[in-house]
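Shown below is the structure under consideration.
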Amino acid sequence: MISSYRDYLINDFEISPEVLDAVDAAEAALSDRFTEADDITSVCQLKVLKALQDNHVNATHFDWSTGYGYDDPGRDAVERVYASVFHTEAALVRPNIVNGTHAIASMLFGILKPGEELIYATGSPYDTLQNVIGTTGDSSKFRGTLLDYGVIYNEVPLTEELDVDLEALRSAITDKTKVVAMQRSTGYDWRPAISLESMRKVTELAHSINPDIIVCADNCYGEFVDTYEPTDFGVDVIAGSLIKNPGGGIALSGGYICGREDLIERIAYRLTCPGIGAECGLTYGQNRHVLQGLFLAPKVVNAALKGASLCGAIYDNLGFEVMPPAGIKRSDIIQAIRFADPDKMVAFCQAVQAASPVDSYVTPMPWDMPGYEDQVVMAAGAFVQGSSIELSADAPLREPYIAYFQGGLTYEHSKFGVIKSLDKLYKAGLVTL
Ligand SMILES: *Cc1c(COP(=O)(O)O)cnc(C)c1O
């Protein structure tokens, strides 16, 4: 018989009591943050419910067609629901958008023409996006990057305070500038997520200099972290992955792009081809998963957010540098910990793997992941491969050895991941309590 949560962890999971004491203390100190997160979730849950109701979602939307995929009312319903949730004119939500990178790349390729300029206003983008732009790899080879197609690229580094540099952006914008892009989440970087307030300022600045500039955002990991989304503050188009926040752990694959109707049409022409756009494309029975995942997403994001806060608080208490700093308002679900030591970093990721419901008995090792310059260690014992809204941790093998912790479909599980990581480091003598 299991007498209590604490006894169960100590007896059956062999967790050290000192670790549980440290986690209990950190959790107790976070109660205000957790209440704040619950308030946001209450609003987001209603926002999603209203979108499902307003768009008359019904059981026929869970069917699918074959071949060209004409007459797939479910596909249209999914896209109307996403447009309602993000308060945009239109949306593209497809299972054949293979990941977040593909969604963001489709957005950029759909909008930019040769000779037009893309400016990233949040410093260098995520590793895989650098391959899309063409700033990595052998520039003498044609790889179909934005640069290969004659797009001009520039980026504005963040300020010393790790926020957007509005003055530098103002002077960077030229008459060739067509797109100002922002990456909301941290990526494999050392900075807090960009706040919605900063995203609003960038958007207003870009539009005030030239109303024809299109402001784009990579919204990965940011969905439902707040009651608002970037599109509520004038961002013209956003993109993200369905195996992160908005898929709620249920969507099997896919990506979304939400924004102005004329832009979504151009992007659809890029995703399929001109003339066809969003009119074709099978959904392979995924509509119900996508909608049910979206319905659960606010609560799942709440779990991930609390788990990230707990993780940050614990490692901050132990004297590690953490990002975002413990206790600040979050704009994504990522918690970065600077281990400054490859052994600690790899042990942390391996412990998160050992805390997983799937593949808990395997030990992740650094590997050459497609699209990344450095080797990466990935802990992802997930029901859906690579799903980082499920409990996961990943870390590129480069100094200063930062691990990124995210996800957890339930808070209880995310918390267990934190407990397990601390226990492993404690037992290996890598931290003292
Ligand atoms: C996850 C992520 C992406 C997309 O990554 P995929 O693995 O292609 O889904 C893009 N930008 C940021 C900031 C991300 O966190």
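The values are calculated or read from the model by the stated rules, or taken from the named source; none is laboratory data. Predicted model, so just to flag it, every value in this text is computed and none were measured. Note that each Cβ is placed from the backbone with ideal geometry, even for glycine, and that neighbours are counted across all protein chains shown. Keep in mind that these areas ignore ligands, DNA and RNA; they rest on the heavy atoms of the full protein, side chains included. Shrake-Rupley method; radii C 1.70, N 1.55, O 1.52, S 1.80 Å.
Can we say Pro125 is under 23 Å from Ile267 (Cβ atoms), in contact with a strand residue (DSSP E or B) (Cβ under 8 Å, 6 or more places away or on another chain), part of a loop (DSSP other than H, G, I, E, B) and not hydrophobic (A, V, I, L, M, F, W, C)?
So Pro125 passes the test.
Results for (1) surrounded by fewer than 21 Cβ atoms within 10 Å (Cβ to Cβ); (2) under 20 Å from Ala103 (Cβ atoms); (3) modelled with pLDDT of 95 or more; (4) not assigned by TED's automatic domain parsing to the domain that holds Ala121, shown as yes or no for each residue.
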{"residue": "Tyr149", "(1), (2), (3), (4)": "yes, yes, yes, no"}
{"residue": "Glu160", "(1), (2), (3), (4)": "yes, no, yes, no"}
{"residue": "Ser171", "(1), (2), (3), (4)": "yes, no, yes, no"}
{"residue": "Val180", "(1), (2), (3), (4)": "no, yes, yes, no"}
{"residue": "Ile194", "(1), (2), (3), (4)": "no, yes, yes, no"}
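Still on this model: Only one of Leu242, Leu271 is under 25 Å from Pro125 (Cα atoms), within 16 Å of the ligand (Cβ to nearest atom), touching a residue at least 60 places away in the same chain (Cβ under 8 Å) and open to solvent by 10 Å² or more (accessible area, probe 1.4 Å); which?
Leu271
Then there's this: It is to be established whether one or more residues within segment 37-53 are open to solvent by 70 Å² or more (accessible area, probe 1.4 Å) and farther than 28 Å from Ser309 by Cα.
yes
A further question on this structure: Which of the residues that make up segment 324-372 are open to solvent by 40 Å² or more (accessible area, probe 1.4 Å), on the phi > 0 side of the Ramachandran plot and touching a residue at least 60 places away in the same chain (Cβ under 8 Å)?
Listed by number, the residues that qualify are Gly327, Ala340.
Would you be able to tell me the number of residues in segment 100-122 that are among the aliphatic types (A, V, I, L, M) and not in a helix (DSSP H, G or I)?
Residues flagged as among the aliphatic types (A, V, I, L, M) and not in a helix (DSSP H, G or I) within segment 100-122 amount to 4.
Also, I was wondering about something else. Across segment 64-99, what is the total count of residues that are part of a loop (DSSP other than H, G, I, E, B), open to solvent by less than 30 Å² (accessible area, probe 1.4 Å) and modelled with pLDDT of 95 or more?
The qualifying residues number 4.
What are the residues in segment 103-122 that are within 12 Å of the ligand (Cβ to nearest atom) and either of a type in the set (Lys, Arg) or touching a strand residue (DSSP E or B) at 6+ places or on another chain (Cβ under 6 Å) (or both), if any?
Ala103, Ile104, Met107, Tyr120, Thr122
How many of the residues making up segment 175-203 are more than 16 Å from the ligand (Cβ to nearest atom), assigned to a loop (DSSP other than H, G, I, E, B) and out of contact with any Gly (no Cβ under 8 Å at 6 or more places or on another chain)?
Number satisfying all stated conditions: 1.
Here's a follow-up. For segment 167-191, which positions are without any contact (Cβ under 8 Å) to a residue 60 or more places away in the chain and farther than 29 Å from Ala308 by Cβ?
Selection gives Glu167, Ala168, Arg170, Ser171, Ala172, Ile173, Thr174, Asp175.
One residue is enough: does segment 207-223 have a residue meeting the conditions part of a loop (DSSP other than H, G, I, E, B), away from the ligand (no atom under 16 Å from the Cβ) and open to solvent by less than 40 Å² (accessible area, probe 1.4 Å)?
There is at least one residue in segment 207-223 that is part of a loop (DSSP other than H, G, I, E, B), away from the ligand (no atom under 16 Å from the Cβ) and open to solvent by less than 40 Å² (accessible area, probe 1.4 Å).
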